[in-house]
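The structure appears below as structure tokens.
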Amino acid sequence: MQLALLLVAAYLIGSVSFAVVVSRLFGMADPRSYGSGNPGATNVLRSGNKLAAILTLLGDAFKGWLAVVLAQSIAPSLGLDAMTAPAAGLAAFLGHLFPVFLAFRGGKGVATAAGVLLGASGWLGLSILGVWLGVAFTLRYSSLAALCAALASPGLAFLFGLGANWILSISVMSGLLLWRHKDNIKRLLAGEESRIGSKKKQA
């Protein structure tokens, strides 16, 4: 019961969409109404408001990190085992993808996954961030950067010595990230994917 309540809390934390929250605070249009329609930092950037996009990115990453850190700090006192923090991180990630507050239609989870990885291991999180930044700044495709980071995550988690529970949780997140980017993959292969900073609208 205690584990279930903790996971529900992590899911609810993940369900908070900072793309929507920040856009409302800035008096901007709902990010689901333009561009790709995705409530995430990349789509908010298409509005032209870089500060709003940065705050969205930080907020979505923070909630993933927070879910893991809270689970790590609470689990021992509740007598919960080593699977608690990885499960909480995955629950927060699922909350972002399928948020109860947005009729279960959320973002793609890149920033939230990054926050979960930072909570799991600072070095792992920084390494994945390095992969994302390297691809994003050289090729200027946010989606391709996310895909490369997702593919690298399980292997890097193993190299940094994370346990089997974390590797399993990260592998599930990576698989879901690839699935959520299936349309981006099609556009990348067709040479139709928009680059970072582009205001080109996508269906």
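Quick notes on this one:
- Qualifying position, being surrounded by 15 or more Cβ atoms within 10 Å (Cβ to Cβ), in contact with a His (Cβ under 9 Å, 6 or more places away or on another chain), closer than 22 Å to residue 39 by Cβ and in contact (Cβ under 8 Å) with a residue 24 or more places away in the chain, among 150, 114, 67: 150
- Single residue of region 1-33 satisfying the filter (at pLDDT 90 or above and assigned to a loop (DSSP other than H, G, I, E, B)) that is surrounded by the most Cβ atoms within 10 Å (Cβ to Cβ): 17
- Residue match in region 127-137 (condition: out of contact with any Lys or Arg (no Cβ under 7 Å at 6 or more places or on another chain) and among the hydroxyl-bearing types (Ser, Thr, Tyr)): yes
The values are calculated or read from the model by the stated rules, or taken from the named source; none is laboratory data. Given the structure is predicted, the values throughout are model-derived calculations rather than measurements. Every residue, glycine as well, gets a Cβ built from its backbone with ideal geometry; the counts of neighbours run over all protein chains shown.
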